[in-house]
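Trainee: Sending over a structure as structure tokens; questions will come in a sec.
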Amino acid sequence: MAQFEYYSHNKMSEVKKDFTPEVINELKAFLVERIVDNMETKDLVEYVTNDLDQYYENMSDVQFVDEAQNYWDDGFDDVVDEIEEYANCDFKKDRRLDS
């Protein structure tokens, strides 16, 4: 259990309160839920895209290819063919720049 001090708008004063690990975990989950609920779809898509970009960037190439193969399963070869064709073309547009 940890004690926290914060300003309570209900009591109009500083409050010291003990929080159990369970309360902290539930508070985190509820905050995440509220933030996501209040996000515009465009902002949510941008956030998830940035998060996944960073997640995959931090993987080794072997881990990433395994993850991609598991995601696309039987269609993986076709996706790789399409990506190779795109990577070698003269015209490319970074999907992150779409607005």
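Trainee: Kindly provide the set of residues from segment 12-65 that are without any contact (Cβ under 8 Å) to a residue 12 or more places away in the chain, of a type outside the set (D, E, K, R) and in contact with a strand residue (DSSP E or B) (Cβ under 9 Å, 6 or more places away or on another chain), ordered by number.
Mentor: Across segment 12-65, the qualifying residues are Ser13, Val15, Leu27.
Trainee: Another one. Would you mind listing the helices (runs of 4 or more DSSP H) fully within segment 27-96 where at least 3 residues are modelled with pLDDT of 95 or more and more than 19 Å from the chain's Cα centre (by Cα)?
Mentor: Values: elements: 41-57, 61-72, 76-87.
Counting at least 3 such residues, we get 61-72, 76-87.
Trainee: Determine if segment 1-23 includes at least one residue that is assigned to a helix (DSSP H, G or I), surrounded by 11 or more Cβ atoms within 10 Å (Cβ to Cβ) and under 21 Å from the mean Cα position of the chain (by Cα). Let's see the steps before the verdict.
Mentor: Keep residues of segment 1-23 that are assigned to a helix (DSSP H, G or I), which gives 21-23.
Pick out the ones that are also surrounded by 11 or more Cβ atoms within 10 Å (Cβ to Cβ) and you get 23.
With the extra rule that they be under 21 Å from the mean Cα position of the chain (by Cα), the set shrinks to none.
Scanning segment 1-23, I find no residue that is assigned to a helix (DSSP H, G or I), surrounded by 11 or more Cβ atoms within 10 Å (Cβ to Cβ) and under 21 Å from the mean Cα position of the chain (by Cα), so the answer is no.
The values are calculated or read from the model by the stated rules, or taken from the named source; none is laboratory data. Keep in mind that what you see is a predicted model, and the values were worked out from it rather than measured. Note that each Cβ is placed from the backbone with ideal geometry, even for glycine, and that neighbours are counted across all protein chains shown.
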